[in-house]
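The structure appears right after this line, and notes come after that.
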Amino acid sequence: MNFTLHGIAVSSGIAIGHAHLVSHTSLEVVHYKLPKRLVDEEVARFDAALMSTREELAALRANRPQQAAAEFDAFLDLHLMILDDEHISRAPREMIEREQCNAEWALKVQMDDLVMHFEAFEDAYLRERKTDVVQVVERVLKALIGRSGHVPPAARHGVNMILVAHDVSPADLIQLKPHQFSAILTDLGGATSHTAIVARGLNTPCVVGLHHARELLRENDLLIVDGAQGVIIVNPDRHILAEYKLRQSQFEQDRQKLKLLRTMRATTLDGTSIELHANIELPHDLAEVKENGATGIGLFRSEFLFLNRDELPDEDEQFEAYRAVAKGMKGLPVTIRTFDLGADKQLNGTKRVASNPALGLRAIRLCLAEPKLFRTQLRALLRASHYGNVKILVPMLSSVSEINMTLQFVVAVKQSLDNEGIPYNRAVQIGGMIEIPAAALMINVFTKKLDFLSIGTNDLIQYTLAIDRTDEEVAHLYDPLHPAVLHLLAHVIGGANKAGVPVSVCGEMAGELAYTRLLLGLGLRQFSMNSAQLPGTKQRVLTTSLPDIASLTQKILRADDPMKIRELLGKLNA
Ligand code: PEP
Ligand code: MG
């Protein structure tokens, strides 16, 4: 059957490929069919994973610390019992044999079934035991995935696969990079969720907020994904397919043409020079930064070094990562943000999930609450500052006392490096992110305390409009053109320019062509965005005259009717 799905456009480009479904709970598991000859091997792989999980639990029991409570034994006994339950130990085996599917999928399906049984219990204690089932299955999955290196076979053989998931965490998505899915589709998520940001970083067409794609699509359905329009065409006929193949090659040609601007300075028609920097998540993103001609790194989201792992990176590992980027950029600015963990980027093993994680212990709040972690990162950052033009950026500041505490940490860490004779750049700049309305309103104080500022519009919009940026149910209300947002932006950019403190925008707004001229009109001279968006933005800068956009920008600022604002923006971009 041929039909169309509509979602939120996140990352442009056209992909044509086959749907590859991953399961619908927090445990994202791929599903694929095996050739008959590999079924026995798959069953053996499953048995080995069960065995190693059993050994792991037994070892935990044997080595339990003296001071551990007696419940620890009871808990391990329960997990061993669940592991031996036929839903977990026998049913998946049978399913692998019967359906010729991979072990992870079989295990996951059986787990869902078991969890459903637990959910039906009236007794609250028994209902809660479903958490134990999930934990046990997670252990077995880890054993399975660890053993196989786990790349879905079709992706390995270069067939275009399109990932279809109910939801994918940013941490999981970044791990998918080597799998090179040709597009990513999710039921949940908003355009500025970190999952969306990572998808953009992978330079892969992505549509989120599709609501029911995971249910409506079948494994191997042929899909056309138009990432710019947020449209999915399912099982298209050959005419539509031919039309989109043409559009795909046109898109690629345009992209290649824009890359020719790589070495050209981004200067407006009236001769004003604009800095176009790149956002990165990991050091290996540097290749793309260079390919797209960024004149610096405006945001290195260092927290991605901390995700997907049980042990946090120590000082030396962090230092190597920061130094590699600093050296790689050969003297160009490298703005490294201290880790912004919490909200939708949780550390492995984080126990307590706050009821409102975006308003909870996130970013600088978490750093100040975990001095050891923060000190370690600051030491690594300062050490790396000796090898390039490193600047330190602090996320989610909301008050002067947070700035003061942060600066005291920096002073103390510098002192400890001095005592050990370790070199660092004494004049390293410390900047702050403006992403909370309170910070925006206090810009005049922030400019006195900090060396530079970077506006995180993703969060600034989220917190100003009280819209969860990861929630597709309210995604239509997430509006960068809301007059309140525009006034805050004008206030921050104007305030920083007046004080002579450099200010950039590093949220997704910076890379959206629709807003380039508006931001220039508001006085912004430094943008930081996903590398792939850089050439297009440069072209827009090259065709903009600042005197020509001044009065329209003021009119937009004075308007309060959303329709009027959009109409004026259309004129600005004409
Ligand atoms: C922002 O909030 O705009 C930002 C750049 O930070 P992040 O997207 O990582 O929250
Ligand atoms: Mg932010």
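The values are calculated or read from the model by the stated rules, or taken from the named source; none is laboratory data. Note that the structure is a prediction, hence the values are computed from the model and not measured. A quick note on method: Cβ atoms are made from the backbone with ideal geometry, for glycine too, and the neighbour counts reach across all protein chains shown. Note: accessible area is taken over every heavy atom of the protein model, side chains too, but ligands, DNA and RNA are not part of it. Shrake-Rupley method; radii C 1.70, N 1.55, O 1.52, S 1.80 Å.
Odds and ends about this structure:
- The phi-based Karplus calculation (6.51 cos²θ - 1.76 cosθ + 1.60; θ = phi - 60°) puts the 3J(HN,Hα) values of region 92-108 at x, 4, 5, 5, 4, 5, 6, 9, 6, 9, 6, 5, 4, 5, 4, 5, 5 Hz, whole numbers, x for Gly and Pro.
- In region 338-407, the inverse of the mean reciprocal separation of distinct Cα atoms equals 13.1 Å; this is its Kirkwood hydrodynamic radius.
- Selection from V140, S545, I224 lying farthest towards where the dipole of the chain points positive, charges on Cβ: S545
- Around the Cα centre of the chain, unit charges on the Cβ atoms of Lys, Arg, Asp and Glu (plus for the first two, minus for the last two) sum to a dipole of about 2620 debye.
- Here is the P(r) of the chain: all C-alpha pair distances, binned every 20 Å from 0, give 19, 50, 28, 3 in whole percents.
- Excluding same-chain neighbours fewer than eight residues apart, the lysines reachable from K571 by a Cα-Cα span under 21 Å are K538, K555.
- Share of carbon and sulfur in the accessible heavy-atom surface of region 246-351 [1.4 Å probe, %]: 54 percent
- Net dipole in debye of region 36-145 [+1 Lys, Arg Cβ; -1 Asp, Glu Cβ; about Cα centre; nearest 20]: 340 debye
- For region 36-145, accessible area per residue (1.4 Å probe, heavy atoms of protein chains only), Å²: 56 Å²
- Per residue, region 277-411 exposes 39 Å² of solvent-accessible protein surface, assessed with a 1.4 angstrom probe and all protein chains in place.
- Acute angle (nearest 10 degrees) that the helix 315-328 long axis makes with the longest principal axis of the chain, alpha-carbon atoms: 50 degrees
- For Q429, the residues whose modelled amide H falls within less than 5 Å of its own, excluding neighbours fewer than 5 places apart on the same chain, are I392.
- Rounded to the nearest 500, the helix-only mean residue ellipticity at 222 nm of the chain stands at -14500 deg cm²/dmol, with each DSSP H run of n ≥ 4 adding -39,500 (n - 2.57).
- Placing R0 at 30 angstrom, the Cβ-Cβ distance between F121 and E215 gives a FRET efficiency of 0.70 after rounding to 0.05.
- Shape category assigned to region 36-145 from the gyration tensor of Cα positions, a/c cut at 1.5: oblate
- Relative packing of 88-98, 188-198, which averages over residues the other C-beta atoms within 10 Å, highest first: 188-198, 88-98
- Cα-Cα P(r), region 281-397, percent of pairs per 5 Å interval: 2, 12, 22, 24, 18, 12, 7, 2, 1
- Shown in residue order for region 40-48 are the 3J(HN,Hα) couplings computed by the Karplus curve 6.51 cos²θ - 1.76 cosθ + 1.60 at θ = phi - 60°: 4, 4, 5, 5, 5, 4, 5, 4, 5 Hz (x for Gly and Pro).
- Percent antiparallel among DSSP beta bridges (both partners in the chain, rounded to 5): 35 percent
- Folded to 0 to 90 degrees: helix 562-572 orientation relative to the chain principal axis, Cα: 60 degrees
- Rounded tilt (10° steps) of 371-384 against the dominant C-alpha axis of the chain: 60 degrees
- Surface accessible to a 1.4 Å probe, K555 within the full protein complex, Å²: 100 Å²
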